[in-house]
Amino acid sequence: MGQILVKVNGRDYPIACDDGGEDRVRAIGQYVDEKVRELVAQVGQAGDARLMLLAALNLGDELAAAYDEIETLRATPPREVPSPELVAKLEAETRARETAEAAARGSHEAAEIARQQAQIAEDAAARAEAATQAWIAKCEDLAKRLAEYEARAGAAHAEAAIAKQRVAAIEAEAVEIQARLSAAERRALEAEAQATAAVVRAGEAERRLDALRTRSDEENRQREALAPILARIERLADNASHAA
């Protein structure tokens, strides 16, 4: 059992054949290719499976016409010995019938291969569609998650802006408090200096007061010491005045 490649409509198809029948199958493939090309010229590239089906129908129609003609010839008894031309015609028709049968089998196999390829293409398309839908769903999910992240980022930015404003207000308040503290420290230093000066003045005043007290005590002692003398002088003055 051999195998050859038959080209139909520009596409290669592997076809099994008996050993030694390669040329015959190749000729049948060429005949099928001509029929398919005629169909392409009429209906355009309608798909390999459809073209193979139409070619098989046309070959089947030719085969049926050949069968009908053969049956008609068989049903009509010959009135005379067939002429060589008729024999040649019958032989040609027989070869044409055999060729058509082989072509029909080849087109059937090609149509089956095309159907299988079409099924494979449909399965691949279905898988691609499923993968596309899955990818679209994944993209939509990613877009949704991105929107959520963007919303969260916007909220975080807003909170950061509010926090920045609060920090600025706290810093301003801290500067004000620092200024007030500095002023209070200056006033405290001034008050401390004034208190120190007052203490110094109070010490000086106390020392002066002590000196005045000491002087007063000394004067009192002196007055006390002079009191008897003054009293005697006063008595003497009185006696002198009485005597006069």
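The values are calculated or read from the model by the stated rules, or taken from the named source; none is laboratory data. This is a predicted model, so every value here is computed, not measured. Cβ: placed from backbone, ideal geometry, glycine included. Neighbour counts: every protein chain shown. When the accessible area is computed, the model is the full protein with side chains, heavy atoms only, and any ligands, DNA or RNA have been set aside. Shrake-Rupley method; radii C 1.70, N 1.55, O 1.52, S 1.80 Å.
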Checklist entry - Would segment 205-224 turn up any residue that is exposed (fewer than 10 other Cβ atoms within 10 Å of the Cβ), without any contact (Cβ under 8 Å) to a residue 40 or more places away in the chain and assigned to a helix (DSSP H, G or I)? => result yes
Checklist entry - Quick check: anything in segment 104-121 modelled with pLDDT of 65 or more, in a helix (DSSP H, G or I), among the hydrophobic types (A, V, I, L, M, F, W, C) and open to solvent by less than 60 Å² (accessible area, probe 1.4 Å)? => result no
Checklist outcome for this item: In segment 123-156, anything modelled with pLDDT under 65 and either open to solvent by 60 Å² or more (accessible area, probe 1.4 Å) or closer than 30 Å to Val32 by Cβ (or both) is listed as Ala124, Ala125
Item to check | From Glu69, Glu22, Glu93, Glu85, residue being acidic (Asp, Glu), open to solvent by 40 Å² or more (accessible area, probe 1.4 Å) and at pLDDT below 75 | outcome: Glu85
Next on the checklist: Report every pair of residues separated by at least 6 positions or lying on different chains whose Cβ atoms are under 6 Å apart, first residue within segment 36-60 and surrounded by 21 or more Cβ atoms within 10 Å (Cβ to Cβ), second part of a loop (DSSP other than H, G, I, E, B).
Outcome noted: Val36/Asn9
Checklist outcome for this item: Across segment 161-195, the tally of residues that are among the basic types (Lys, Arg) and either within 59 Å of the chain's Cα centre (by Cα) or on the phi > 0 side of the Ramachandran plot (or both) stands at 3
Next on the checklist: I'd like to verify a number: residues in segment 177-198 that are open to solvent by 50 Å² or more (accessible area, probe 1.4 Å), of a type in the set (A, V, I, L, M, F, W, C) and modelled with pLDDT of 85 or more, how many?
Outcome noted: 4
